[in-house]
Amino acid sequence: MNSWVKLVLIIAATFLVIRTMRQGWGGAGGDLPQSVAGLVTQAKTLDRKLVLLITGPGWCPACVAMEQGMLSKPEWAAFAGKEIVFQAYNYPNGGEATSPAHEDLLKLPGVKGFPTLVVANPSGKILALRSGYGGGAEEYIQWIRSL
């Protein structure tokens, strides 16, 4: 194969990976499960986006990094308190589901691992998912606001 063709394919693949990581892994367009209906009602009442975090901070290194690099920051606390409805779902023991909501969230299309942020509009329609952790509080805040 021509070296130019290889180069173009490598660049295209790199672009797709970067775009996917920045935009999340998919799952947009569906509805949140009925098991989180109370949170959807709260988001609708407040007219705010709903952000759900699927996490395992007791055993997941990326989840611990997210806790330290984003969730514990004052700018995240201010954002979560004023602009969104935020709920973290902690999965103990390597991802064990302990409630119907835990089970339902793991079944959402696009949930590939821990941590995963699920962002929905006030009516519960999923706007985007983002798996893994990279960046900081400000990057995630800007991403959520842009949806």
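Since every read-out is calculated from the coordinates, none of them should be taken as a lab result. Remember, predicted model here, so these are calculated numbers, not experimental data. Positions of Cβ are backbone-derived with ideal geometry, glycine not excepted, and every protein chain shown enters the neighbour counts.
Annotations
- The loop-placed chymotrypsin sites (Phe, Trp or Tyr not before Pro) in the range 59-147, going by DSSP, that have at most 14 neighbouring Cβ atoms within 10 Å of their Cβ come out as Trp59.
- Approximating the spin labels as points 7 Å out from Cα along Cα→Cβ, the Asp104-to-Thr41 distance works out to 1.2 nm.
- Qualifying lysines (Cα of each under 23 Å from Cα of Lys49; at least 8 residues distant if same chain): Lys73, Lys82, Lys107, Lys112, Lys125
- Restricting the range 65-146 to GluC sites (Glu not before Pro) that sit in a DSSP loop and have at most 15 other Cβ atoms within 10 Å of their own Cβ leaves Glu83, Glu96.
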